[in-house]
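Here the structure is laid out as structure tokens; the discussion comes afterwards.
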Amino acid sequence: QVQLVESGGGLVQPGGSLRLSCAASGFTFSSYPMSWYRQVPGKERELVAAITITGAGGRATTNYADSVKGRFTISRDNAKSTVYLQMNGLKPEDTAVYYCQARISPIGVVWGQGTQVTVSS
């Protein structure tokens, strides 16, 4: 079945870095755009970063929330069916549960179970 499994979260000091991974299975990963969202208690889930499918030139287009531009980088490895989120310069306000997401036709939106990121000294 379609499955997304996140990993790589944890506790990090302000200014530190983490790399999140999302391993996909059950669908043709290379054929779908992928996204990272995050959510804090009491707030709506928000889009952090998104990446398109890899084009003929071997490159994918990325988009970021203004709050993470210049600090976070989304990438994908189609051979490993994995999407990554490299997070640098972490701030306390980046603390959240981070979710991987895909829209799989005809199933619809699929979410991972989430991974907690805590930025604190």
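The values are calculated or read from the model by the stated rules, or taken from the named source; none is laboratory data. From a predicted model like this one, the values you see are computed outputs, not experimental measurements. A quick note on method: Cβ atoms are made from the backbone with ideal geometry, for glycine too, and the neighbour counts reach across all protein chains shown. Side chains included, ligands, DNA and RNA excluded: accessible areas come from the protein's heavy atoms. Shrake-Rupley method; radii C 1.70, N 1.55, O 1.52, S 1.80 Å.
Of note:
- Each other residue within a Cβ distance under 14 Å of Gly89 adds +1 if Lys or Arg and -1 if Asp or Glu, for a net charge of +2.
- Longest DSSP-loop-exposure-free segment, trypsin sites (Lys or Arg not before Pro), the chain, at most 13 other Cβ within 10 Å: 1-42
- For the stretch 1-69 versus the stretch 91-105, the spacing of their alpha-carbon centroids is 6 Å.
- Apportionment of accessible area to carbon and sulfur, the stretch 38-121, percent (1.4 Å): 49
- The stretch 38-121 shape via C-alpha gyration tensor axes, a/c threshold 1.5: oblate
- Volume per residue that the Cα convex hull of the stretch 31-79 spans, once the total is divided by residue count, Å³: 90
- Hits among aspartates and glutamates - C-alpha to C-alpha of Lys69 under 17 Å, sequence gap 8 or more where chains match: Glu46, Glu93, Asp94
- The Arg45 and Gln13 beta-carbon pair, evaluated with R₀ = 25 Å, returns a calculated FRET efficiency of approximately 0.50.
- The residues of the stretch 44-86 expose on average 58 square angstrom of accessible surface per residue, using a 1.4 Å probe on protein heavy atoms.
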